[in-house]
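> Got a structure for you, questions after.
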Amino acid sequence: MADGTKIVVDHASKLFLEGTVVAFRNVELNVRSNEVLCIVGPSGCGKTTLLRCIGGLLAPSSGQVLIDGHIVHSPRPGVAIVFQHFGLLPWKTVVDNVGFGLKVAGVPRQQLAERVEHYIRLVGLAGFENQYPYQLSGGMQQRVGLARALATHPEILLMDEPFASVDAQTREVLQEELLRLHERERKTMVFITHSIDEALVLGDRVAVMATRPGRVKEVLTVNFARPRDPAAVRAEPRYTEMRNHIWEELRPSVVV
Amino acid sequence: MSKVGNRSVIGPSLMLDSELAAEQRVARERARAVQRRWTTAQIAIRIMSLVVVLGAWEYVGRQINPVLFTYPTAVADAAVKMIASGELWKYLSQSLIVLFAGLSLAAVFGIALGLVMARFWAIDIALDTYITALYSIPSVALVPVLVLWFGFETTAKTAVVFLFTFFPIVINTYQGVKNVDQHLIEVGRAFRCNERNLWMHIVLPAAVPFIVAGLRLAIGRGLIGMVLADLYTAITGIGYLIARYASIYRTDAMFVPVVTLGVLGITLTGLLRFVERRVAPWMHQPEQE
Ligand SMILES: Nc1ncnc2c1ncn2[C@@H]1O[C@H](COP(=O)(O)OP(=O)(O)OP(=O)(O)O)[C@@H](O)[C@H]1O
Ligand SMILES: [Mg+2]
C-alpha cells in the first residue's frame with residue numbers, strides 16, 4: 001500500500017457570518033493515499049464544512065487544504081462528493097442524475113450508459129431508472145447520490161453521512177459494498193458518520209471531532225485486518241474498547 | 001418474500017408472484033377509480049355552475065332593456081350569425097396576429113434580458129431601476145407615447161402588447177435564476193461544471209417554473225393590451241367589433257367578442273399548461289396512490 005499523503009488539512013479554520021460563527025478551528029488532518037478516514041462528531045461541530053473545504057467548495061478562513069500537494073482553491077479533478085442533503089437535480093431522472101458527473105465531464109455516451117447502469121445496480125436501484133427524485137424515498141435518493149459520485153471513478157471520495165437515511169439492513173449491505181469497492185479500487189475516502197460502529201467498521205483511522213469550537217480532538221488508528229468482515233470486526237475485543245473510548249470522547253459534547 | 005442472498009434487501013422486489021400482481025392490479029384500479037371520480041366530480045361541478053350562472057343570467061337578462069344588458073341565448077344567437085358570416089374570425093384574426101407577435105417578441109426578449117440581468121451584475125444594477133419603474137407605471141399611461149412613435153397600425157398595436165407583457169416575463173425570469181437552490185449550484189461546482197453546463201443542467205431547469213409563471217401573467221396582460229390597442233389606436237380587430245356593436249346598441253352582438261376573449265384566455269392558459277407538462281414533467285407531481 002502506497003503510504004503517501006493524499007490530503008493535507010493544514011491549520012485550517014472556517015468562520016461564518018463575519019466571524020461570529022466558528023465552524024471549526026485550527027484543524028490539522030492528513031489523509032493518506034488509499035486510506036479510509038472516518039470523521040465522527042456531534043451535530044454542528046463542522047464536519048460538513050470541513051468536507052466542503054476539502055472538496056474545494058469553500059475556502060478556509062485561515063490555513064489551507066492541499067490535495068496531492070496542490071493548494072485547493074476550487075473542486076479538483078478526481079474528487080467526488082456525496083452530499084448530506086443528497087443534492088439530486090429534481091429535473092433529472094435516476095439515470096440522468098447518476099450520469100450527471102460523466103456527462104459534464106464529456107464521457108462518450110456508450111461508456112456513460114454502461115457505467116450508469118453498473119452503479120445503479122450496485123446501489124440496488126435497478127428498475128427505478130426513469131423515476132424522478134420526488135418519486136423516490138429518502139434512502140433511495142441518498143443511494144442515487146452515492147451512485148452519482150462513484151460513477152465518476154474518483155480517486156478521492158468525500159462522503160457526508162452517505163448512509164444516514166437508509167434502513168439498518170440496507171446500510172450494512174452498502175457498508176459491505178463500500179468495503180469491497182475499497183478492496184478493489186483502493187480509493188482514498190473521507191467518510192463522515194454519526195455512527196461509531198460504522199466508523200470502526202469502515203475506517204483505517206477515525207477522527208473524533210468536538211464542538212464549541214469545532215475541532216479535531218483525537219485521531220485513532222483502527223487497524224483491523226483488511227479485507228474486512230464487519231461481523232468479525234464487531235467480535236474483536238478492541239472494537240468494544242475503541243467504541244467505548246470514542247463514546248467517552250463524544251460524551252462531553254452531547255447536549256442533554 | 002423471496003430472498004436471494006442479502007442483495008434482495010436493497011434491490012426492488014421482483015414483482016413476480018401472483019398475489020402481488022393481484023394487489024398491484026387492485027391498487028392501479030383504485031388509483032384510476034379515484035382519478036375518474038375526481039374528473040367526473042370536476043366536470044359535474046363545472047356543468048352545474050355553468051347551468052346555474054347561465055340560467056340566472058338568462059333570467060335576469062330577459063328582464064332588462066336589451067340595450068343595457070343581454071342574455072345567453074341572445075348572445076349565442078348573435079354568435080352563430082357572426083361566426084357563419086365570417087365576421088368574428090375576420091376581426092379576431094387581426095387581433096390575434098397582434099397578440100402573438102407582441103407576446104412572442106416579449107417572450108424572446110424578456111427571457112433573454114432576464115437571463116442577462118441575472119447573469120451579469122453590472123447590467124442588473126444598470127437596468128433594474130428602469131425595469132422596476134416601467135413595470136410599476138400602469139402600461140396604459142404609455143400607450144399615447146407608443147402611438148406617437150409607431151403610428152396607429154399593426155406596429156403600434158404590437159408595441160402595446162409588448163409593453164404589457166415584457167416586464168412580467170423579464171422579472172420572473174430574473175427571479176427564477178436568482179432563486180436557484182444554492183445547494184444545487186454547489187453540486188454543479190463539485191462535479192466541475194463549466195459555466196455552460198451549470199446553466200444547461202441546473203440554472204435554466206430551475207428557472208423554468210418561474211418563467212412559465214411569468215408567461216402566464218403575460219397572457220392575461222397581453223389580452224388586456226390587445227383590446228386596449230384596438231381601442232386606442234386605429235380601431236380594428238376585436239376591439240372594433242366591441243366598439244361598433246356598442247355604438248349601435250347591439251349589446252347581444254357586443255358580448256360575442258367579449259365572451260370570445262374569455263375563451264381565448266382559458267385556451268391560451270391551458271395550452272401553456274400543456275407545454276409546461278411536456279418540457280417540465282418533474283413539476284407535474286400527481287399524488288401517488
Ligand atoms: N453557510 C453557513 N453560514 C453560516 N453558518 C454556517 C454555514 N454553514 C455552516 N454553518 C455553521 O457552522 C457550524 C458547523 O456546521 P456543519 O454543517 O459543518 O456541521 P456538521 O458537523 O456537519 O453537523 P451535522 O452533523 O448536523 O450535519 C454550525 O454551527 C453551522 O451553523
Ligand atoms: Mg453535516
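> Would you check which residues across segment A:225-252 are open to solvent by less than 50 Å² (accessible area, probe 1.4 Å) and closer than 27 Å to A:SER13 by Cα and list them?
Passing the criteria: A:ILE246, A:GLU249, A:LEU250.
> Sticking with this structure for a sec: Taking A:GLY127 and the conditions (1) in contact with a Lys or Arg (Cβ under 9 Å, 6 or more places away or on another chain); (2) at the interface with chain B (Cβ under 8 Å from one of its Cβ atoms); (3) small (Gly, Ala, Ser), which numbered condition does it fall short on, given that it satisfies the others?
(1)
> Could you grab the pairs with beta carbons closer than 7 Å, sequence gap of 6+ or different chains, first residue in segment B:81-95 and on the phi < 0 side of the Ramachandran plot and in the same structural domain as B:MET254 (by TED's automatic domain parsing), second one not acidic (Asp, Glu) and not in a helix (DSSP H, G or I)?
Once the first residue is on the phi < 0 side of the Ramachandran plot and in the same structural domain as B:MET254 (by TED's automatic domain parsing) and sits in segment B:81-95, its partners that are not acidic (Asp, Glu) and not in a helix (DSSP H, G or I) give B:GLN94/B:THR236.
> Of the residues A:VAL166, A:VAL190, A:VAL104, which is facing another protein chain (nearest Cβ under 9 Å) and either within 16 Å of ligand 1 (Cβ to nearest atom) or within 19 Å of the chain's Cα centre (by Cα) (or both)? Reasoning before the result, please.
Working: A:VAL190 fails: facing another protein chain (nearest Cβ under 9 Å); A:VAL104 fails: either within 16 Å of ligand 1 (Cβ to nearest atom) or within 19 Å of the chain's Cα centre (by Cα) (or both).
Just one listed residue meets the conditions, A:VAL166.
> Moving on. How do the helices (runs of 4 or more DSSP H) wholly within segment B:170-287 filter down when requiring 2 or more residues that are in contact (Cβ under 8 Å) with a residue 24 or more places away in the chain: which remain? Break it down stepwise before answering.
On the way: elements: B:182-190, B:195-198, B:204-232, B:237-247, B:251-279.
Filter on segment B:170-287 gives B:204-232, B:237-247, B:251-279.
> Being modelled with pLDDT of 90 or more and outside any helix (DSSP H, G or I) is the filter here, so list the residues in segment B:97-153 that pass it.
B:PHE120
> Could you check segment A:62-91 and list, in sequence order, the residues that are under 23 Å from A:VAL22 (Cα atoms), more than 8 Å from every other protein chain (Cβ to nearest Cβ) and surrounded by fewer than 19 Cβ atoms within 10 Å (Cβ to Cβ)?
Passing the criteria: A:SER62, A:GLY63, A:GLN64, A:LEU66, A:ILE71, A:HIS73.
> Check A:LEU181, A:LEU200 and return the single one that is at pLDDT below 90 and more than 14 Å from every other protein chain (Cβ to nearest Cβ).
Numbers: A:LEU200 fails: at pLDDT below 90.
Only one candidate qualifies: A:LEU181.
One line per residue, one yes/no per condition, for (1) part of a helix (DSSP H, G or I); (2) buried (at least 20 other Cβ atoms within 10 Å of the Cβ):
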{"site": "A:GLN111", "(1), (2)": "yes, no"}
{"site": "A:ARG121", "(1), (2)": "yes, no"}
{"site": "A:TYR134", "(1), (2)": "yes, no"}
{"site": "A:LEU150", "(1), (2)": "yes, yes"}
{"site": "A:HIS153", "(1), (2)": "no, no"}
{"site": "A:ALA164", "(1), (2)": "no, no"}
{"site": "A:ASP197", "(1), (2)": "yes, no"}
{"site": "A:LEU220", "(1), (2)": "no, no"}
{"site": "A:ASN223", "(1), (2)": "no, no"}
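> Hey, another quick one. State yes or no: is A:LEU50 under 22 Å from B:VAL187 (Cα atoms), within 12 Å of ligand 1 (Cβ to nearest atom), away from chain B (no Cβ under 14 Å) and not in a loop (DSSP other than H, G, I, E, B)?
Numbers: under 22 Å from B:VAL187 (Cα atoms): yes; within 12 Å of ligand 1 (Cβ to nearest atom): yes; away from chain B (no Cβ under 14 Å): yes; not in a loop (DSSP other than H, G, I, E, B): yes.
The answer is yes for A:LEU50.
> Further question: Does A:VAL40 qualify as being farther than 28 Å from A:PRO213 by Cβ, among the β-branched types (Val, Ile, Thr) and either touching a residue at least 24 places away in the same chain (Cβ under 8 Å) or open to solvent by 20 Å² or more (accessible area, probe 1.4 Å) (or both)? Working first, answer last.
Values: farther than 28 Å from A:PRO213 by Cβ: no; among the β-branched types (Val, Ile, Thr): yes; either touching a residue at least 24 places away in the same chain (Cβ under 8 Å) or open to solvent by 20 Å² or more (accessible area, probe 1.4 Å) (or both): yes.
Answer is no for this residue.
> Then there's this: Give segment A:17-47 a look and list any residue that's away from ligand 2 (no atom under 14 Å from the Cβ) and either within 14 Å of chain B (Cβ to nearest Cβ) or not in a strand (DSSP E or B) (or both), or say none.
A:LEU17, A:GLU18, A:GLY19, A:THR20, A:SER33, A:ASN34, A:GLU35
> Within segment B:62-92, track down each residue that is open to solvent by less than 90 Å² (accessible area, probe 1.4 Å), out of contact with any Asp or Glu (no Cβ under 9 Å at 6 or more places or on another chain) and not in a helix (DSSP H, G or I).
Correct list: B:ILE64, B:ASN65, B:VAL67, B:PHE69, B:SER85, B:GLY86.
Condition check ((1) polar (S, T, N, Q); (2) open to solvent by 60 Å² or more (accessible area, probe 1.4 Å)) across all residues:
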position: A:VAL9; (1), (2): no, no
position: A:SER13; (1), (2): yes, no
position: A:ARG25; (1), (2): no, yes
position: A:LEU29; (1), (2): no, no
position: A:GLY44; (1), (2): no, yes
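> Can you confirm whether B:VAL170 is open to solvent by less than 20 Å² (accessible area, probe 1.4 Å), more than 14 Å from chain A (Cβ to nearest Cβ), under 24 Å from B:GLY270 (Cα atoms) and among the aliphatic types (A, V, I, L, M)?
So B:VAL170 fits the description; yes.
> B:GLY225 - would you say it is more than 13 Å from chain A (Cβ to nearest Cβ), surrounded by fewer than 19 Cβ atoms within 10 Å (Cβ to Cβ) and of a type in the set (Gly, Ala, Ser)? Give the steps one after another, and end with the answer.
Values: more than 13 Å from chain A (Cβ to nearest Cβ): yes; surrounded by fewer than 19 Cβ atoms within 10 Å (Cβ to Cβ): no; of a type in the set (Gly, Ala, Ser): yes.
No; evaluated as a whole, the condition is false for this residue.
> Of the numbered conditions (1) buried (at least 20 other Cβ atoms within 10 Å of the Cβ); (2) away from chain B (no Cβ under 13 Å); (3) assigned to a helix (DSSP H, G or I), A:LEU174 satisfies every one except a single condition; which is it?
(2)
> So which of A:VAL8, A:VAL21, A:VAL40, A:VAL36 ends up being near ligand 1 (Cβ under 8 Å from one of its atoms) and among the β-branched types (Val, Ile, Thr)?
On the way: A:VAL8 fails: near ligand 1 (Cβ under 8 Å from one of its atoms); A:VAL40 fails: near ligand 1 (Cβ under 8 Å from one of its atoms); A:VAL36 fails: near ligand 1 (Cβ under 8 Å from one of its atoms).
Exactly one residue qualifies, and that residue is A:VAL21.
The values are calculated or read from the model by the stated rules, or taken from the named source; none is laboratory data. Values in this document were obtained by computation on a predicted structure and should not be read as measured data. When we count neighbours, we look across all protein chains shown, and the Cβ atoms used for this are built from the backbone with ideal geometry, even at glycine. Protein only, heavy atoms only, side chains kept; ligands, DNA and RNA dropped before computing areas. Shrake-Rupley method; radii C 1.70, N 1.55, O 1.52, S 1.80 Å.
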